[in-house]
Amino acid sequence: MYEYNEFSKDVYKLTGIDLSLYKERQMKRRIDALIARHKLHGYEEFVKVIKTDRDLYEDFLSYLTINVSEFYRNPVQWKTLENTMLPRLMNAAKGRPLKVWSAACSTGDEPYSLVMLLSKYMPINKVTVDATDIDKQIIEKAQQGIYNGKSIKGLPDEFKTKYFEQLGRDSFKISDDVKKRVNFKQHNLLADRYPVGYDLILCRNVMIYFTEDAKDVIYRNFYKSLNPGGVLFVGSTEQMLKADEIGFSSEASFFYIKP
Ligand SMILES: C[S@@+](CC[C@H](N)C(=O)[O-])C[C@H]1O[C@@H](n2cnc3c(N)ncnc32)[C@H](O)[C@@H]1O
């Protein structure tokens, strides 16, 4: 009998995504729903089909990786970033540009929000944000920079007027000035080498999909990626269990500092 474990191994061979590091119940529920939607019968048939059907393969990847995002997601936390974390990071940097990474950036809402926020405190052409995601298609979407009203509803009005052009009734295009400041790259948090030297890393609303063991490895990697004094900003349901053990101190909810 071809079970989820074997399916998981085949998916790894096909996509490089290691499902065993994602929470099984949640993943299974999503995959089962996709299989049912395509009227297929079980994992074995599904694997056979995605080997040849490119569209379904791409759909599967997008579906697996859950790309929901929005600008300024959880605005209260962005206020803490602006009022508490950024001043201390900028103080410590003494005029040197901040090195910032939005990991698992999805459609770009997060790295673009960062550019806008940082542009309040330094000339926009001095801002750069590295942005990565495992999903190549979603990075292409991020690079197009077109959003609906729902995506930008939480964004402060000053940024909406300054950095967006309305294309249609519910379609808004981000300005090239912001777009140019973000370097997008594909990166798998569970497999790839982590870049280093960051002052600020955002990794939000992706850890919820990973097993505790996988999270532990990722948080330790982020610790190494940060400069001393650097800040890790996590999602609103993603408090770190072993922060002390890893070496982080936490001075505000959802913000972890490398001493
Ligand atoms: C829900 S979105 C979060 C977007 C944004 N950070 C936010 O909080 O709004 C989750 C993103 O994680 C990405 N992702 C899933 N597994 C990943 C992995 N192993 N490495 C890197 N990104 C991954 C998905 O492709 C998706 O774009």
Quick calc, the chain, dipole around Cα centre from Cβ unit charges on Lys, Arg (+) and Asp, Glu (-), nearest 20 debye, gives 700
Relative contact order of the chain (C-alpha contacts under 8 Å, at least 6 apart) in percent is 17
For Arg88, Arg193, Arg37, ascending order of other Cβ atoms within 10 Å (fewest first) is Arg193, Arg37, Arg88
Here the Kirkwood hydrodynamic radius of the range 193-259, Cα-based and in Å, equals 11.7
Here the residues of the range 1-41 lying in the modelled label zone of Lys48, meaning backbone nitrogen under 11 Å from a point 7 Å along Cα-to-Cβ, are 41
Projected onto the charge dipole of the range 21-88 (unit charges on the beta-carbon of Lys, Arg, Asp and Glu, signs +1, +1, -1, -1), the Cα from Met85, His41, Leu64 with the largest positive-side position is that of Met85
Counting only DSSP loop positions in the range 209-259, the trypsin sites (Lys or Arg not before Pro) whose Cβ has at most 15 other Cβ atoms within 10 Å are Lys242
Two pseudo-spin positions, 7 Å from Cα along C-beta at Ile246 and at Arg96, lie apart in nanometres by 2.3
The lysines whose Cα lies under 22 Å from the Cα of Lys179, excluding any fewer than 8 residues away in the same chain, are Lys99, Lys120, Lys126, Lys136, Lys141, Lys150, Lys153, Lys160, Lys162
Full extension between Gln166 and Val196 adds, at 0.36 nm per residue less the Cα distance, a length in nm of 7.1 nm
Label model pair Lys120, Thr237: point-to-point distance (7 angstrom along the Cα→beta-carbon line) in nm is 2.8
Of all DSSP beta bridges having both residues in the chain, the percent classed as antiparallel (nearest 5) is 40
Checked the range 127-259 against the a/c 1.5 cut and the a/b vs b/c comparison, axes a ≥ b ≥ c from its Cα gyration tensor; verdict prolate
Computed from every Cα-Cα pair in the chain, P(r) in 10 Å bins starting at 0 and rounded to whole percents is 7, 29, 33, 22, 9, 1, 0
What one gets for the range 4-64 as the Kirkwood radius, inverse of mean 1/r over different Cα pairs in Å, is 11.5
Here, GluC sites (Glu not before Pro) of the range 3-99 satisfying both criteria (DSSP loop; at most 16 other Cβ within 10 Å) are Glu3
Taking the range 128-184, the whole-percent share of alpha-carbon pairs separated by over 14 angstrom is 58
Highest mean packing first, using Cβ neighbours within 10 angstrom, the peptides 182-190, 143-151 sort as 182-190, 143-151
Kirkwood Rh over alpha-carbon pairs of the range 82-202 plugged into Stokes-Einstein at 20 °C, 1.002 mPa s gives a D in µm²/s of 143
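Throughout, read-outs are computed from the coordinates displayed, never taken from laboratory work. On a predicted model such as this, the values are computed, not experimentally measured, just so you know. Quick reminder, even Gly has a Cβ in these numbers, built from the backbone with ideal geometry, and neighbours come from all protein chains shown.
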